[in-house]
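The values are calculated or read from the model by the stated rules, or taken from the named source; none is laboratory data. If you're wondering where the values come from, they're calculated on a predicted model, not measured in any experiment. Because the Cβ atoms are built from the backbone with ideal geometry, glycine has one as well, and the counts that use them run over all protein chains shown. Heads up: the accessible areas ignore ligands, DNA and RNA and are worked out on the full protein's heavy atoms, side chains in. Shrake-Rupley method; radii C 1.70, N 1.55, O 1.52, S 1.80 Å.
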Amino acid sequence: MTADSTPALVKQADADTDGPATAAPSAARGPRARNTKAYLTYVAGKIVGAAVSLFAVLVTSFFLFRLIPSDPVKQMTGGRRVSAEQLESLRHQFGLDQPMWQQFTDYVGDALTGDFGTSFQYHAPVIDKITEALPATLLLTGTAYVLYSALGIWLGTRTAWRNGSKSDRFHTALALTLYSVPSFWLGLLLIIVFSVGVGPIPGMFPTGGLESGNETGFAYVLDVAHHMVLPVITLVAVGYAQTLLVMRSSLLDEMGSDYLTTARAKGLRDDTVRRRHAVPNAMLPTFTLMFVNLGHVVAGQILVETVFSWPGLGGLFYQGLSVPDLPLVQALFFVFATAVILANTLADLLYPLLDPRVGR
């Protein structure tokens with residue numbers, strides 16, 4: 001059989017056992033063999049689809065929160081006695097006395113320039129409140145994202161490769177349980193056990209917040225880390241379970257493939273077959289999941305941040321929704337959806353680099 005007709009995976013197995021092989025012509029390798037025009041059409045379609053989705057989210061964010069049966073002006077007065085003239089003055093100040101179509105056109109026009117208006121309850125530009133809360137969200141969800149992605153991929157690989165073992169049954173059952181548990185309920189349970197204390201277990205961690213407020217320097221870093229323990233555990237427990245189940249399922253699908261049998265027949269060790277051949281191909285579905293979860297790093301976890309009183313975007317959204325603070329919740333909804341859409345689009349654009357069959 002000539003070099004050109006030998007499957008790429010068999011060539012890799014030959015290279016692992018027999019040493020370096022003669023490189024195939026560059027025109028026949030991976031993404032370079034892709035039809036460039038078809039790929040550019042694929043990319044353009046994904047970008048146009050993302051743009052349409054973003055505009056749809058912009059429109060939805062305006063009308064969705066106006067369905068809430070609540071008067072923002074009356075909520076902000078806190079039940080105090082306010083004259084009809086004062087209420088009308090506040091509505092005029094916030095632009096709520098304008099026709100709906102005019103409010104909509106003003107909102108879309110300003111949003112396209114990056115101006116999301118002024119918060120009703122904070123009396124500050126919405127973009128400033130988002131910028132202020134974003135670092136706390138990125139710190140919490142970013143840390144959890146790295147931990148549960150690495151843990152889920154590692155355990156998913158080991159459990160699938162040892163399919164049917166006691167370790168596989170234990171980790172799969174635990175992952176299924178944690179994946180089905182609501183994150184806010186798990187957070188409340190951790191607060192009761194490890195913050196309040198139950199029986200012989202003393203309260204070891206704060207019930208919420210980002211910091212104690214009286215530390216500086218390295219002590220401040222330790223204080224923040226101490227406050228992060230329970231919310232990070234909550235996010236990792238749910239996130240790792242999802243990643244493990246997807247990685248395990250993908251690897252099980254690959255384990256019966258012919259190219260793995262060929263690699264073993266060449267004399268490769270089982271660890272080498274798994275690491276160099278099975279895992280890279282099984283990573284494709286997990287790769288997509290990781291980018292979807294990457295979008296949620298910016299979107300935050302509204303319920304978890306609320307339960308732990310974390311001063312991030314999720315907690316800010318909950319506070320804005322209680323009024324409702326229309327400019328604030330509209331902007332946050334748009335930011336959350338934009339992060340997910342952009343992450344999905346980036347995954348779609350990078351996926352053909354891992355699997356040349358996509359985008360042809």
Inset, instruction - Pop out the Kirkwood hydrodynamic radius of region 264-339 from its pairwise C-alpha distances, inverse of mean 1/r, in Å to one decimal. - result: 15.3
Legend entry - Segments 228-234, 211-217, 146-152 sorted - mean Cβ within 10 Å per residue, highest first: 228-234, 146-152, 211-217
Legend entry - Cα point-scatterer Debye curve for region 117-218, base-10 log of I(q)/I(0) at q = 0.10, 0.17, 0.22 Å⁻¹: -0.53, -1.08, -1.20
Inset, instruction - Return the Rg/Rh value of region 212-264, two decimal places, where both radii are evaluated on C-alpha atoms and Rh is the Kirkwood radius. - result: 1.43
Legend entry - Rg/Rh ratio calculated on Cα atoms of region 169-222 (Kirkwood radius): 1.14
Inset, instruction - Grab the Cα-Cα distance for Ile201 and Asp97, subtract it from 0.36 nm times how many residues apart they are, and report the gain in nm with one decimal. - result: 31.9 nm
Inset, instruction - Counting only heavy atoms of the protein chains, get the accessible area per residue of region 189-340 (1.4 Å probe) and round it to a whole Å² value. - result: 43
Inset, instruction - For region 126-242, give the percent of accessible area contributed by carbon and sulfur heavy atoms, probe 1.4 Å, rounded to a whole number. - result: 70
Inset, instruction - Principal axes first, then extents: for the Cα atoms of region 212-327, list largest minus smallest coordinate on each axis, whole Å, largest first. - result: 64, 38, 18
Inset, instruction - Mind giving me the FRET efficiency for Ala51 and Ala124? R0 is 41 Å, r the Cβ-Cβ distance, nearest 0.05 is fine. - result: 0.85
Inset, instruction - Output the peptides 280-291, 258-269, 239-250 sorted from most to least packed, where packing is the average of other Cβ atoms within 10 Å over each peptide's residues. - result: 239-250, 280-291, 258-269
Legend entry - Volume per residue that the Cα convex hull of region 296-344 spans, once the total is divided by residue count, Å³: 57
Legend entry - Residues Leu189 and Thr216, FRET efficiency given R0 of 45 Å [Cβ-Cβ distance, rounded to 0.05]: 0.85
Inset, instruction - Take every Cα-Cα distance within region 234-279, group them into 10 Å bins from 0 onward, and report for each bin the whole-number percent of pairs it holds. - result: 26, 40, 23, 11, 1
Legend entry - Full-stretch length increase - Ser180, Leu134 - with 0.36 nm per residue and alpha-carbon distance subtracted: 13.7 nm
Inset, instruction - Using R₀ = 45 Å, calculate the FRET efficiency as 1/(1 + (r/R₀)^6) where r is the Cβ-Cβ separation of Arg162 and Phe104; round to 0.05. - result: 0.20
Inset, instruction - Could you sort 324-337, 126-139, 51-64 so that the peptide with the highest average Cβ count within 10 Å comes first and the rest follow in order? - result: 324-337, 126-139, 51-64
Legend entry - Rounded percent of accessible protein surface that carbon and sulfur make up, region 249-334, 1.4 Å probe: 58
Legend entry - From phi via Karplus (6.51, -1.76, 1.60), per-residue ³J(HN,Hα) for region 41-52 in Hz, x at Gly/Pro: 5, 4, 5, 4, x, 5, 5, 5, x, 5, 5, 5
